[in-house]
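As structure tokens, the structure follows; a few thoughts come after it.
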Amino acid sequence: MVMRSEKSAAERSGEAKPAKLSARKAPPRVEIEGISPELESGRFPVKRVSGDLVEVGADVFKDGHDLLAARVRYRGPGDRTWSFAPMTYEYDSDRWTGSFVVDRIGRWVFSVEAWMDEFATWKDGFRKKLDAGQDVTTELLEGSRMAAAAEHRARGAERVRLRELAERIADGGVPFSERVRTALDSELESLIEQYADLSGATRYDRELGITVDRERARFAAWYEMFPRSQAGVPGRHGTFADAARRLPDLAALGFDVVYLPPIHPIGRTFRKGKNNTLDPTADDVGSPWAIGSEEGGHTAVHPDLGTIDDFDRFVEAAAEHDIDVALDYALQCSPDHPWVKEHPEWFFVRPDGTIKYAENPPKRYQDIYPLNFWCDDWPRLWAACRDVLLFWVEHGVRTFRVDNPHTKPLSFWEWVIREVQADHPDVIFLAEAFTRPKRMKRLAKLGFTQSYTYFTWRNGASEIREYLTELTQTDMRDYFRGNFFVNTPDILHEYLQRGGRPAFRIRLLLGATLSSVYGIYSGFELCENVPLRAGSEEYLDSEKYEIRVRDWGAPGNLNADLAKINRVRRENRALQLYANLTFHHSENEQILFYRKAAPGNDLLIVVNLNPFAAEATMVHVPLDELGIDREQAYVVEDLLTGTRYTWRGVRNYVRLDPVAEQAAHVLRLVRE
């Protein structure tokens, strides 16, 4: 009988064998985990803005009672060497923290490294033995040895000084008290720390990324405008010159970004008529999203708007008012787009040889062909789409609103955003993705600077609190910046349809104060609220399909509200930050109460969500967070009216009447 050896339990279970031990690469002596900020184990970078202080946290520990040291290592764009920031241990949280400032835009990386602090461990034990009256002769020699070791790593005068200190500590002819004083002196500790041997330090096993954007990525007021509607004369197609004439007014209202829907030639085949009809007249202008005609495609401008030189002049005029121009980036084509003839393989071809148009049942978009991003020629298609962006970047565009990115490959967006920002880190991408939450989050993680949100559909107090807490107080704050558009050409919410002018004022104030970046679409300031039909969020006589002529000074306009709230935003740092929002108790659910805070700038904001009637409540002021004694009187100033109120204690009375033009308070805590 042949006896077979019994397999080990590890072999039976299929487990890998332990790695062979090697003195050349010893196992780590310190454990590092729980790094923050960290997004999906470093798979994606977190987001910050130039000038931000990046606060890094880590769990650092090892066996035994040795004392540890840790630091953050970081490197900015273009840096060839690492910089370092010390980390300190917080006993109560059992966590190490450190920080550094990101002072320029682009891609940063950081990590954490830690080591056993031999000198601090020695010094701690030395003190304890000294206090216990024990003999510390040997310990003094150990301290001298560590000083001598640091001497060999030092240079110049500091090397000489370390030698002197090492000799003094070890010299038995020096009075004992002097040897002890020298060993415990902060000078020695500082020098040894400066020249510590970190060859055996443990480094976190990956480098983590930070995308650092310019300030306008986090703080801006957007205005969406169709250039073709800016002539102001019925029947005349607007031009870039007409649009430029509106810029001074938009600047006076406080807008930072003017967003233009597609400005390209519009196809004729299956052109949509007014109100999205399929039987256009010869005069119908069509949808700007049906991009491309014999005049050109994504790198051409509609001839009725002007020339590319006219567009350049528009961008220059906007810059004179410190306004960014944002272009719509819509990756789809009219049947008349040059790509259809030049590259039919870039589209979805049906078995009968025809090209498939876009559908989102029950909606049908016969005037649009979607691109097949996974066609056989996909590398050339992706490169062509990238080159469209680079073309407009060369013409001064640094912001793109991306149409329906969730209908294109996520891997394409990650690639193309990195491609563009590698040479142009100041470019901002806004994702117009009204889709499932996980897809929206993924788009933000993989590179989109800002994101449209569900804000338009959050109108009650509890749903606003729940949604905004998720956006600003969970890990989403590290990668997802919500741009709170209060309306769009596609979204006229029932709240605005029914609530009239008071509802518009309420939603404006919410959008502009809950988020640091928000926007409106033309007509909001005129309280346009007539839907295509009952139950629809589409506008009647939608500007997507026709030219609209408006009187911007018509009675009941919100120009004064816009100018005031945008001025308040610019004058208060608390409204320029994104993740500094906290909600507080209001005894009436129709009134929302929240705080936006920055150093030296505390704002308490109270909004009546009922557009039809006055509401009153007692709001509970977070005195502890504000550093106010419970018996102390304090003054708050309404930045919308200039009125001051003296409050006392936690509970304070508020009454707001939107019908009587007072829908909210933006209260600044007066600290004098």
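Here are the numbers for the structure shown:
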item: Three-way shape call for segment 52-146 based on the alpha-carbon gyration tensor, with the a/c threshold at 1.5; result: prolate
item: Per-residue ³J(HN,Hα) for segment 552-567, Karplus 6.51 cos²θ - 1.76 cosθ + 1.60, θ = phi - 60°, Hz, x for Gly and Pro; result: 5, x, 4, x, x, 5, 9, 4, 5, 5, 4, 4, 5, 5, 5, 5
item: Farthest toward positive dipole pole in the chain [+1 Lys/Arg, -1 Asp/Glu at C-beta], among His321, Thr88, Ala554; result: Thr88
item: Net charge over other residues, Cβ less than 11 angstrom from the Cβ of Ser536 (K, R count +1; D, E count -1); result: -3
item: Scattering profile of the chain at q = 0.07 Å⁻¹ [log10 I(q)/I(0), Debye over alpha-carbon scatterers]; result: -0.62
item: In Å², nearest 10: area of Ser199 left accessible to a 1.4 Å probe; result: 100
item: Extension gain from Thr474 to His395, taking 0.36 nm per residue of separation minus the Cα-Cα distance; result: 24.6 nm
item: Mean Cβ count within 10 Å, highest first, over the residues of peptides 393-403, 54-64, 625-635; result: 393-403, 54-64, 625-635
item: Efficiency of FRET between Leu410 and Phe612 - r from beta-carbon atoms, R0 41 angstrom, step 0.05; result: 0.45
item: Folded to 0 to 90 degrees: helix 437-446 orientation relative to the chain principal axis, Cα; result: 60
item: Long-range HN-HN contacts of Ala220 with modeled amide H, under 5 Å; result: Val517, Tyr518
item: Descending Cα extents along the principal axes, segment 247-331, whole Å; result: 41, 25, 23
item: Rounded to the nearest 20 debye, dipole of segment 310-441 from Cβ charges on Lys, Arg, Asp, Glu; result: 920
item: Whole-Å distance, taken between Cα centres, linking segment 636-672 and segment 380-448; result: 42
item: Per-bin percent of Cα-Cα distances, segment 445-520 [5 Å]; result: 3, 15, 27, 26, 16, 8, 4, 1
item: Amide hydrogen neighbours beyond the local backbone of His584, cut-off 5 Å, H modeled; result: Phe593, Tyr594, Arg595
item: Bins of 10 Å from zero: percent of alpha-carbon pairs in segment 553-672; result: 13, 44, 35, 7, 1
item: Cα-centred dipole magnitude for segment 537-672, charges only on beta-carbon of K, R (+1) and D, E (-1), debye, nearest 20; result: 540
item: Inter-centroid distance (Cα atoms) of segment 185-241 relative to segment 261-275, Å; result: 36
item: Relative counts (whole %) of C-alpha pair distances in segment 277-398, using bins that are 5 Å wide; result: 2, 9, 17, 21, 18, 14, 11, 6, 2, 0, 0
item: Cα long-axis angle, helix 461-473 against the chain (0 to 90 degrees, to the nearest 10); result: 50
item: About the Cα centre, charge dipole magnitude for segment 147-194 (Lys/Arg +1, Asp/Glu -1 at Cβ), debye; result: 140
item: With Cα atoms, 0 to 90° folded angle of helix 410-423 axis to the chain main axis; result: 80
item: Cubic angstrom per residue, convex hull over Cα atoms of segment 494-570; result: 103
item: Shape metrics for segment 151-213, restricted to C-alpha atoms - Rg then Dmax, Å; result: 17.7, 62
item: For the chain: relative contact order, % (alpha-carbon pairs under 8 angstrom, 6 or more apart); result: 10
item: Normalised contact order of segment 313-398, rounded percent, pairs of Cα under 8 Å and 6 or more residues apart; result: 31
item: 14 Å beta-carbon shell around Ala358, net charge (K/R +1, D/E -1); result: +3
item: Table column - 3J(HN,Hα) (Hz), segment 605-622, Karplus curve with 6.51, -1.76, 1.60, x for Gly and Pro; result: 10, 10, 10, 7, 7, 8, x, 9, 7, 5, 9, 10, 6, 10, 9, 9, 7, x
item: DSSP beta bridge pairing in the chain, given as percent antiparallel to the nearest 5; result: 70
item: Long-range amide H partners of Tyr539 with built H, under 5 Å; result: Leu532
item: Sum of -39500 (n - 2.57) over DSSP H runs of 4+, divided by residues of the chain (222 nm, nearest 500); result: -9000 deg cm²/dmol
item: Gyration tensor verdict on segment 388-523 (Cα atoms; rounded if a/c is under 1.5, prolate if a/b is larger than b/c, oblate otherwise); result: prolate
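The values are calculated or read from the model by the stated rules, or taken from the named source; none is laboratory data. In this text the structure is predicted, and so the values were computed from the model without any measurement. Positions of Cβ are generated from backbone atoms using ideal geometry, with glycine treated the same way; all protein chains shown enter the neighbour counts. We work out accessible area using only protein heavy atoms, side chains counted, and drop any ligands, DNA or RNA first. Shrake-Rupley method; radii C 1.70, N 1.55, O 1.52, S 1.80 Å.
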